[in-house]
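Encoded as structure tokens, the structure appears first; notes follow it.
We did not get these values from a lab; they are worked out from the coordinates using the rules stated. Note that the structure is a prediction, hence the values are computed from the model and not measured. Cβ coordinates were reconstructed from backbone atoms using ideal geometry, including for glycine residues, and neighbour counts include every protein chain displayed.
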Protein chains: 2
Amino acid sequence: MTSPTLPALAALGEFGLISRLTAGAFKHKSVLTGIGDDAAVTALSTGMQLLTSTDMLIEDVHFRRVWHDPYRLGRKSLAASLSDIAAMGGISRWALLSLAIPSDLPLEFLDEFMRGFLALASEHDVALIGGDTCSSRAGLTVSVTAMGEQYPDRIVRRSGALPDDDIWVTGTLGDAALALKLLENGEAVSNELLSRLLDPPPRISAALALAETGLATAMIDVSDGLLADFGHVAEQSAVGCCINLDDIPLSPAFRNHAAQHSVIPHQMVLSGGEDYELCFTAHRSNRGKIADSMKKCGNAVTRIGIVTSFSGVTVVNRDGSTYSSQHDGFNHFT
Amino acid sequence: MTSPTLPALAALGEFGLISRLTAGAFKHKSVLTGIGDDAAVTALSTGMQLLTSTDMLIEDVHFRRVWHDPYRLGRKSLAASLSDIAAMGGISRWALLSLAIPSDLPLEFLDEFMRGFLALASEHDVALIGGDTCSSRAGLTVSVTAMGEQYPDRIVRRSGALPDDDIWVTGTLGDAALALKLLENGEAVSNELLSRLLDPPPRISAALALAETGLATAMIDVSDGLLADFGHVAEQSAVGCCINLDDIPLSPAFRNHAAQHSVIPHQMVLSGGEDYELCFTAHRSNRGKIADSMKKCGNAVTRIGIVTSFSGVTVVNRDGSTYSSQHDGFNHFT
């Protein structure tokens with residue numbers, strides 16, 4: 001069918017492009033057949049089950065080329081899926097990457113994108129085993145599938161939260177949303193905030209520590225905002241929750257911004273997406289073990305509330321009054 | 001980030017849309033956690049390895065809404081990936097589907113698309129276990145990942161062809177390319193030809209029979225054209241081939257068209273993509289067994305040439321002279 005003309009890409013051809021883009025991909029012994037056959041062949045570890053997650057990133061919907069440098073965009077494209085596998089307690093092993101490439105995209109952009117993608121893959125021992133490349137009529141589209149594995153009894157689902165469990169989050173919330181807001185307003189953004197939006201680190205060591213110790217009863221990654229994401233846990237566990245607004249961990253950069261403007265943008269903390277922190281629940285008798293475990297793997301962790309037997313996601317202010325929020329997460333279609 | 005407004009979709013919300021689209025998805029005992037958690041959890045059969053393939057379909061690059069009705073587009077979106085798994089001898093088990101949806105796409109289009117996708121999935125016992133939905137700035141983008149499994153010794157790669165092996169293809173070649181050409185020219189297209197372009201059946205029963213009997217030494221599906229695709233087999237097997245032009249199987253509809261125009265469009269036969277037939281190699285002593293096996297599973301199969309020890313993909317005419325072709329497959333970037 002018709003395709004836009006991509007001069008540099010046309011000269012390379014699809015297979016030349018694939019060779020160029022995947023030159024930095026590393027091999028892993030679990031990969032029996034990687035890129036270059038009809039399908040990849042991989043071997044799971046004995047006794048483990050397969051975990052699979054996929055994410056699509058669309059130019060001018062999920063990212064903008066003026067804001068997102070290609071290296072960090074490559075990292076973030078993979079990070080989103082690795083974060084999902086981690087949020088199940090899974091060990092990410094393999095990734096697929098599909099790219100729909102617009103005619104105005106410089107080949108150097110793709111090179112840098114791949115350098116970032118493969119750098120994050122290498123950091124987490126994830127092998128790129130396949131994908132697809134084609135031309136796009138408008139904008140770069142990135143589709144990533146990550147696959148991982150884990151022993152059945154270590155997999156952590158959204159459905160295991162129990163009444164009276166503590167609710168924990170890793171790191172800090174709201175930074176990515178604040179960075180995006182500042183970019184949209186044309187305001188100055190600190191490097192600290194910017195990197196939380198452009199290169200969010202998936203909390204893999206924390207997730208694996210929780211899976212191995214069995215401390216988390218339910219887990220999710222905060223990609224659509226705390227309220228929306230914990231809402232899924234609550235729904236699937238048939239519980240509710242009470243979150244203390246003041247306990248939600250904020251970064252120094254976020255606090256600085258709040259102090260300068262004399263207001264904490266709670267909406268960003270509660271409903272801002274793309275933080276890719278982990279939110280999990282655990283029995284209250286395990287507080288010490290969780291603190292120790294997270295310290296051991298170098299992850300900050302904070303208790304922010306409690307699971308309730310009655311349904312509903314409630315946020316309370318310092319004085320015990322209920323905080324009311326109009327927004328409950330990112331809706332792609334509004 | 002910014003999203004186009006999709007009134008009907010906005011009212012549903014992302015999770016309402018996902019519920020609507022996946023309402024027809026069926027459960028399978030190998031699926032421990034399907035849609036609705038951070039990642040899907042599935043169990044491979046004991047002793048089998050994982051096969052993975054992914055394909056992206058872009059509006060106005062791979063399909064046009066004026067030609068491709070949504071039901072058959074849904075089927076074809078899955079068929080391309082199932083065909084890849086089959087071409088390795090794999091048994092498809094699970095699929096992921098991501099959709100980037102433009103604001104002008106009626107919800108009914110998506111409903112019909114899903115009806116087609118899930119119908120083909122059900123025919124081949126493939127469970128939809130996850131995906132992603134988001135808005136698109138321009139055109140529908142479909143990304144499908146199919147996963148399957150197979151015992152290691154039944155997996156058929158591109159690299160196993162041996163000199164003097166026969167080269168076989170299932171079904172007929174060139175139909176999809178001819179249908180596309182007629183559509184592009186605004187000419188009448190028979191239903192027979194049209195269905196080869198819009199709803200190509202992946203040759204799954206043939207592929208599995210070849211995997212189980214161990215008769216095929218190498219296999220590929222013809223998605224980019226026979227010459228390009230067999231070129232991959234030749235390259236990866238470090239062999240060449242000699243294909244007899246007159247032996248390539250043509251459909252009655254294709255022959256009719258050729259007769260009416262007094263010329264056989266060989267280019268379409270050799271380099272037309274999207275036929276999704278299987279091309280495989282096998283030892284010449286197995287001719288009878290292959291014919292029997294394919295007959296048993298109801299697939300037409302034809303011997304079209306021979307693997308050579310010297311490299312190069314050669315096509316010969318009836319008189320033994322070499323056929324020369326300028327094009328060797330579909331290049332996405334020209």
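Worth a mention:
- For the protein assembly as shown, the Cα-based Rg and Dmax, in that order, read 26.1, 93 Å.
- Residues with amide H under 5 Å from that of residue A:132, placed H, sequence gap 5 or more: A:97, A:98, A:99
- Exposure proxy for B:230, A:310, A:113, B:109: other Cβ atoms within 10 Å of each Cβ, ordered fewest to most, give A:310, B:109, A:113, B:230.
- Rounded, prolate or oblate (a/c below 1.5 giving rounded, otherwise prolate when a/b exceeds b/c) for the stretch A:216-334 by Cα gyration tensor: rounded
- Exposure proxy order (Cβ contacts within 10 Å, fewest to most) of A:56, A:48: A:48, A:56
- Other-chain or far-sequence residues with amide H under 5 Å of residue A:89's (modelled H): A:156
- Look at the dipole of the stretch B:156-323 built from charges on Cβ: of B:294, B:315, B:189, the Cα furthest out on the positive end belongs to B:294.
- Label-point gap, in nm, between residue B:185 and residue B:104 - each point 7 angstrom along Cα→Cβ: 2.8 nm
- Rounded to whole Hz, the Karplus (6.51, -1.76, 1.60) HN-Hα couplings of the stretch B:214-231, x for glycine and proline: x, 6, 8, 8, 8, 8, 8, 9, 8, 10, 10, x, 3, 5, 5, 6, 5, x
- The label-point distance for residue A:256 and residue B:27, in a model that sets each label 7 Å from Cα toward Cβ, rounds to 5.2 nm.
- DSSP beta bridges fully contained in the protein assembly as shown are about 75 percent antiparallel.
- Expected 222 nm ellipticity per residue - DSSP helices of 4 or more, -39500 (n - 2.57), all of chain B, to 500: -10500 deg cm²/dmol
- Kirkwood radius, the stretch B:1-111, all distinct C-alpha pairs, inverse of mean reciprocal distance: 16.3 Å.
- Inter-copy separations for residue A:19, label at 7 Å along Cα-Cβ, nm, ascending: 5.1
- Among A:277, B:187, A:212, the order by Cβ neighbours within 10 angstrom, fewest to most, reads B:187, A:212, A:277.
- Computed log₁₀ I(q)/I(0) - Debye formula, equal Cα scatterers, no solvent, the stretch A:135-264, q 0.09, 0.15, 0.20 Å⁻¹: -0.36, -0.91, -1.25
- For residue B:261, inter-copy separations between label points set 7 Å beyond Cα along the Cβ vector come to 6.3 nm, shortest first.
- Remark on chain A: ratio of C-alpha radius of gyration to 2.2 N^0.38 Å is 1.03.
- Around the amide H of residue B:274, modelled in the peptide plane, lie the amide H atoms of B:223, B:224, B:225, all under 5 Å away and 5 or more residues distant in sequence or on another chain.
- Residues in the stretch A:277-290 carry Karplus couplings, in order, of 7, 8, 10, 9, 10, 7, 4, 5, 6, 9, 4, x, 4, 5 Hz; the curve used is 6.51 cos²θ - 1.76 cosθ + 1.60 with θ = phi - 60°, and Gly or Pro positions show x.
- Label points for residue A:153 are taken 7 Å from Cα along Cα→Cβ. From this copy to the others they lie 3.3 nm apart, shortest first.
- Counting only DSSP beta bridges whose two residues both lie in chain A, roughly 70 percent are antiparallel.
- Vicinal HN-Hα couplings computed from phi for the stretch A:125-133 (Karplus, 6.51 cos²θ - 1.76 cosθ + 1.60; Hz; Gly/Pro x): 6, 9, 9, 7, 10, x, x, 8, 10
- Mean Cα-pair separation over length for chain A, i.e. relative contact order, pairs under 8 Å, 6 or more apart, %: 21 percent
- When chain B is treated as a GNM with alpha-carbon contacts under 10 Å, the residue of B:246, B:164, B:84 showing the greatest mean-square fluctuation is B:246.
- Rounded, prolate or oblate (a/c below 1.5 giving rounded, otherwise prolate when a/b exceeds b/c) for the stretch B:89-195 by Cα gyration tensor: oblate
- Legend: mean number of C-beta atoms from other chains within 10 angstrom of residue C-beta atoms, peptide B:86-97, equals 2.
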